[in-house]
1. Setting aside same-chain residues fewer than 8 positions from B:LYS69, which lysines have a Cα under 24 Å from its Cα?
2. Could you pull out the GluC sites (Glu not before Pro) across region A:73-143 that fall in loop regions by DSSP (anything but H, G, I, E, B) with no more than 14 other Cβ atoms inside 10 Å?
3. Using a Debye calculation, one point per C-alpha and no hydration shell, please list log10 I(q)/I(0) for the protein assembly as shown at q = 0.08, 0.10 Å⁻¹ in order.
4. Taking 0.36 nm per residue of separation and subtracting the Cα-Cα distance, what length does fully extending A:LEU477 through A:ARG382 add?
5. Do the alpha carbons of any pairs in A:LYS26/A:LYS500; A:LYS145/A:LYS193; B:LYS160/C:LYS96; A:LYS302/A:LYS370 sit beyond 18 Å of each other, and which pairs?
6. What fraction, in whole percent, of alpha-carbon pairs in region A:129-190 exceed 16 Å separation?
7. Beyond 17 Å, what share of the Cα-Cα pairs of region A:24-155 is found? Please give it as a whole percent.
8. May I have the convex hull volume per residue, in Å³, for the Cα set of region A:162-239?
Amino acid sequence: MASKDYANNRFSGMDQINAGNVRNLKLAWSFTTGVLRGHEGAPLVVGDTMYFVTPYPNILYALDLKNQGAKKWEYKPKLQSAAQGVACCDVVNRGAVYWEGKIIYNTLDAQMVAVDAASGKELWKTKLGDINQGETMTMAPIVVKGKVLAGNSGGEFGVRGWITAVDAAKGNIAWRAYNTGPDADVLIGPRFKPFYARDRGKDLGVSTWPADHWKIGGGSVWGWISYDPELNLIYHGTGNPGPWNPDLRPGDNKWTAGIFARDPDNGEAIWAYQWSPHDLYDYDGINENVLLDLPIKGQTRKVLVRPERNGYVYVLDRQTGEVLSADKYVHVTTSTGFDLKNGLVLEDKSKTPGLGRTSRNLCPSAPGGKDWQPSSWSPRTRLLYIPHNNLCMDMEGLEANYIAGTPYVGASVKMYPGPGGHRGEFSAWDPVRQQKAWSIKEKFPAWSGALATAGDVVFYGTMDRNFKAVDARSGELLWQFRTGSGIIGQPISFRGPDGKQYIAIADGVGGWAGAIVAGGLDPRDETSALGFVGAMKDLPAHTNQGGALYVFALP
Amino acid sequence: MCSRFHNVCGLFWTLIVCGCSPAVPVAVPPPGHLVQGIRQSTLQPGPPSPVRLVRNPVEGDAEAIETGKRLFGQFNCAGCHAGGGGAIGPALIDDQWIYGSGAGNIFSTIIEGRPQGMPAFGGRISEDQTWRIVAFVRSIANLTEDPAPSPPASGTEKGKAVFLHGPCVMCHTIRGTPAGSRVGPDLTHFASRKTIAAGTLPNTRGHLAGWILNPQNLKPGTQMPATLLESQDLHALLDYLETLK
Amino acid sequence: MRTILLLTLASLSLVLASGAGGQAERGKQLAGWYGCGSCHEIPGLRGATGQVAPPLRRIARRAYITGSVPNTPTNLIRWIRAPRTVDARTIMPDMKISERDATDIAAFLYKLD
């Protein structure tokens, strides 16, 4: 799976490549996908084959690792090209999952497809969403006990967010849980025990919205899903409420910008928590939940660690949903701090955006302290390696009209660098000490995933075309490679058929941060790409579109 | 072509007729006629014709632009195109126009939608509203009135132009002109023929007009398609064909 | 009442036909030659099945012709000879028909059932 394991650690136990020898890393082979647009995917290695899903048109490649990435086969799904018109943030795909001889992934036009891993033949294809309702799919699914778990995208289009379980063998829908609306739809029942009092009550997914607005309220599941086999719980975040303009949806807007713990067998909600009730800043709550057992105040607790959009690294008890700590990892002005007693961010109300006014100097900006780009944990250094942003924004509230299949946002945004002038950072965070161990400033948002290895090396890529290996303990740059296009993909490590350790990454700039290049946008309009263009005017000078896999090894 | 998009054409041309003000010259063939105004390609089979551009009835009108700006926001165009810089959809303020920057091109893009994700607004917003949005988009792109169409040819040159820039050139040869297709009979010495339509009609103007305008009725099963010309084009064409001794 | 009506119409046709002053039989041949039937349905004229323009049956009875002028022999002859001088937008071509030929054709048309 794209997240390497159910715990979302993204840690490679291989140590052939280590801090001592990584400087000798060489390119073994590369493979051009033939697709331009943002390559956010993680390559998947099963046995002797590497699989990769491209951005739209979501071609699945099978490459022969015994033969320097020779093409074994490719699978081209039949897709609705109009889906590109309802994908907010570039036509990305974050990866596939392997299960019992099948490669399973989601397509932009909200279908899930299973392909035979040996032959490339399509086995089943199931329609999960409707592009005419503004739904697309971009996330990397996982398989838990024979069911594929996936969620929709479209919080900028007034979709109703859901997570769906699909039978991996036959492709029929096993269960679906919505994230807004009545308890029956959200699969909230007698087993639901949220930790905080404000999350208890009947049909809060209706009553915390103005009449019927929960039907177009967002709460999509376009990010990461973790699973604890021992507790039999899956953890997934929910996206922003729609529209962005908060004046149009008074109330806590449950259960958007939050996290659910659910029973994977039937989707029943066990607990929930909102990172940002009545979200004001598009702080989607869908980032990765890293499942760890950590010593907190003398006890080992089963926790999940979440570097969240709103600028705090949270540590939650993953059995109950209690917030154990929440600490800023970026410059924050939208809140003043965290109230641990009530488990709530302390909003700075003076910053609240709304209709007919412009709120300025909102930090972190809409893509948050960190967006989708996943962090990686090293059990050796006990550090969480977080690729993230350093951005602020001004936001003006506008009228928002819901017209199905068109954007439902109601805001005009301009982003700019945060304090220091650098727009990205790669930080090593100590979740027990609740502080950064070290941090590397980057010119552009660090929009790629991170990979920590047992060789005490951490890999990540930059939007200005550098694939970097840094020392896991000190952050010292040990090696880098100049790729053809900027990097927003997820690096992986694998053992090749020859027994050697390999590192693989895709280049191909894009995503929301790279929209100015991916979409050929005009920098004169700083509100383009939901405000990101204003902060990224110089990106085209550094990189064009691209799309290739790079595989590295020691000579 | 018109038969495929007849709804669009019908509405479109109706709007042109109703929406134009006397001061703005507009290409206004009645419904059912050849659609000549909107092209997405600069390539044409046969000799290139000067394009008779479709004009926006409210091009450059300040009030229309203001209305168009409001509609641009209300109908969520800004959601995909931002303030013109683009987002999900392409930028509208640069000089890259995938489907053409003419007023008619932008109009048809909005009404018809486009394959890579532009929704089809036809039938959901009125043509009046669409023209106002077109006026706004062209204003933020700093596009001014399209150049005036080249003046039409006169005399038999006009009829020759009708022949070469319309469907005739796709099937008939007239030696000495760029028309060299062999699908239909060679018309180089057309005026010297005693009969037309494979010998079934005398070669007189009346028969010829009926043949050009409605051949299926005279000879069912013929490959010659109906060519519904504007009247002045038909008269010019008849004059021209008569010179082909 | 009905008989009177029929008689009136019949005499109108005769009046018009004689007012045209032409030879209807010759007019029928000319109508065929000039190609009137390629655009107009004309009863009794072989091959005259055209659907481009209105059928000409009982044209004698119409109050107006060409959609714009009263139905008089003078107007009809002028129309046949130089259509665009009556209606500039008409699709009907100028077939370079002489005065004599147009008069005979008019006589033929006014006799149509």
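1. Here the lysines satisfying the reach criterion relative to B:LYS69 are A:LYS414.
2. Numbers: sites: A:GLU74, A:GLU100, A:GLU122, A:GLU135; in loops: A:GLU100, A:GLU135.
Counting only loop positions with at most 14 other Cβ atoms within 10 Å, the GluC sites (Glu not before Pro) in region A:73-143 are A:GLU100.
3. The Debye formula, applied to the Cα set alone, gives -0.78, -1.02.
4. Working: separation 95, 0.36 × 95 = 34.20 nm, distance 1.93 nm.
So the extension gain works out to 32.3 nm.
5. Values: A:LYS26/A:LYS500 13 Å; A:LYS145/A:LYS193 24 Å; B:LYS160/C:LYS96 20 Å; A:LYS302/A:LYS370 23 Å.
Pairs exceeding 18 Å: A:LYS145/A:LYS193; B:LYS160/C:LYS96; A:LYS302/A:LYS370.
6. 50 percent
7. Details: 4864 of 8646 pairs.
Beyond 17 Å sits 56 percent of the P(r) for region A:24-155.
8. Values: hull volume 9.6 nm³, N = 78.
So the per-residue Cα hull volume is 123 Å³.
Readers should treat all values here as calculations from the given coordinates under stated rules, not as data from a laboratory. Worth saying up front: this structure is predicted, and the values here are computed from it rather than measured. Glycine gets a Cβ as well: all are built from the backbone with ideal geometry, and neighbour counts include every protein chain shown.
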